[in-house]
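Have a look at the structure below, then the notes.
The values are calculated or read from the model by the stated rules, or taken from the named source; none is laboratory data. Small disclaimer: the values here were computed from a predicted structure and weren't measured. Heads up, the Cβs are rebuilt from the backbone with ideal geometry, glycines too, and the neighbour counts pull from every protein chain shown. All accessible areas refer to the heavy atoms of the entire protein, side chains included, with ligands and DNA or RNA removed. Shrake-Rupley method; radii C 1.70, N 1.55, O 1.52, S 1.80 Å.
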Amino acid sequence: MKIFRYENSQEEVNNEKGPKIFLAGPTVRGNQPHLTSWRFEAIEYFEKSNFQGSLIVPEFTSKTESDKGKKWVPLWEYNGLCHSNKILFWIPRTRELIGLTTNWELGFWMGFDLKRVVYGRPDDAFRIDYLDTMWEKMCNLPIYNTLESTIDATLKSLYGR
């Protein structure tokens, strides 16, 4: 399994062969070192699931690195989203990890290329009703309530199982 982060170039992401999954959702910022990214747990589960592809992880390797003032970051993410086979949205929204960009991205990809999107969030996600309502009304697809079930559904969708 290969992992692409902000330190990797867009060309590296684009040229990678095999299945690619973008891990979309709220991102811990450099000014939030007291928080732990949900993506660490996701990567571990993909490894345990023996995923033989690439994960596009929109984060820096360093927990203290900030995206502030880095206008290339949204372009890197958009490139990764466009070059992924599946987009896993995991939205463990809290008061501190609000996911404002995530709201926009989920809405965009729901309308643009729904077949690539899998949506999940924990039952206790903060202020998630609007996203759930739009997903249920527009997509009529399941909402997964654990990270593991969201990953399993993504892999199933990717491999057509």
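Suppose a student asked you for the relative contact order of the chain, using Cα pairs under 8 Å spaced at least 6 residues apart; what percent would you report?
Values: 230 pairs, mean separation 44.1, N = 161.
The normalised contact order for the chain reaches 27 percent.
What does the charge dipole of the chain about its Cα centre add up to, to the nearest 20 debye, if the Cβ of each Lys and Arg holds +1 and the Cβ of each Asp and Glu holds -1? Spell out each step's value before the answer.
Details: 21 positive and 21 negative charges, 44 e Å.
So the dipole magnitude of the chain works out to roughly 220 debye.
Calculate the tail of P(r) for the chain: the fraction of all Cα-Cα distances greater than 23 Å, expressed in %. Numbers along the way, then the final one.
Details: 4346 of 12880 pairs.
Of all Cα-Cα pairs in the chain, 34 percent lie more than 23 Å apart.
Give the accessible area for MET134 in Å² (nearest 10); use a 1.4 Å probe, count only protein heavy atoms, and leave out ligands, DNA and RNA.
60 Å²
Could you state the accessible area per residue of region 109-161 in Å², with a 1.4 Å probe and every protein chain left in place? Don't skip to the end; give the middle numbers.
On the way: 3180 Å² over 53 residues.
On a per-residue basis, region 109-161 sits at 60 Å².
Give LYS20/LYS115; LYS20/LYS71; LYS20/LYS156; LYS48/LYS156 a once-over and call out the pairs whose C-alpha atoms are over 19 Å from each other. If you can, show how the numbers build up before the last one.
Numbers: LYS20/LYS115 14 Å; LYS20/LYS71 24 Å; LYS20/LYS156 14 Å; LYS48/LYS156 15 Å.
Pairs exceeding the cut-off: LYS20/LYS71.
Spelling out what I want: for every residue of region 82-94, take phi, set θ = phi - 60°, compute 6.51 cos²θ - 1.76 cosθ + 1.60 (Karplus), and round to whole Hz; glycine and proline get x.
In residue order, the calculated couplings are 5, 9, 8, 7, 9, 10, 8, 9, 10, 10, x, 4, 10 Hz.
Hey, can you grab everything whose amide H is under 5 Å from the amide H of THR146? Only 5+ residues off in sequence or another chain; H modelled, so Pro and N-termini drop out.
When sequence neighbours closer than 5 places are left aside, the close amide H contacts are ARG121.
Along the positive direction of the dipole of region 1-118 (beta-carbon charges: Lys, Arg +1; Asp, Glu -1; about the Cα centre), which of SER49, SER66, PRO26 reaches farthest?
Checked the options; the winner is PRO26.
What does the accessible area of LEU155 come to, in Å² to the nearest 10, when a probe of 1.4 Å is used?
20 Å²
Please compute, over every Cα-Cα pair in region 122-161, the percentage with a separation greater than 17 angstrom. Don't skip to the answer; put the middle values down first.
Details: 308 of 780 pairs.
Everything past 17 Å amounts to 39 percent.
Considering amide H positions built from the backbone, and no H for Pro or chain starts, which residues 5 or more places from VAL117, or on another chain, come under 5 Å of its amide H?
ILE87
Residues with amide H under 5 Å of ILE3's amide H, sequence separation 5 or more or different chain, H placed in the peptide plane at 1.01 Å from N; which?
LEU55
Report in % the part of the accessible area of the chain that belongs to carbon and sulfur, leaving out ligands and nucleic acids; probe 1.4 Å. Present the calculation step by step, with values, prior to reporting the outcome.
Numbers: 4500 of 8710 Å².
Roughly 52 percent, rounded to a whole number.
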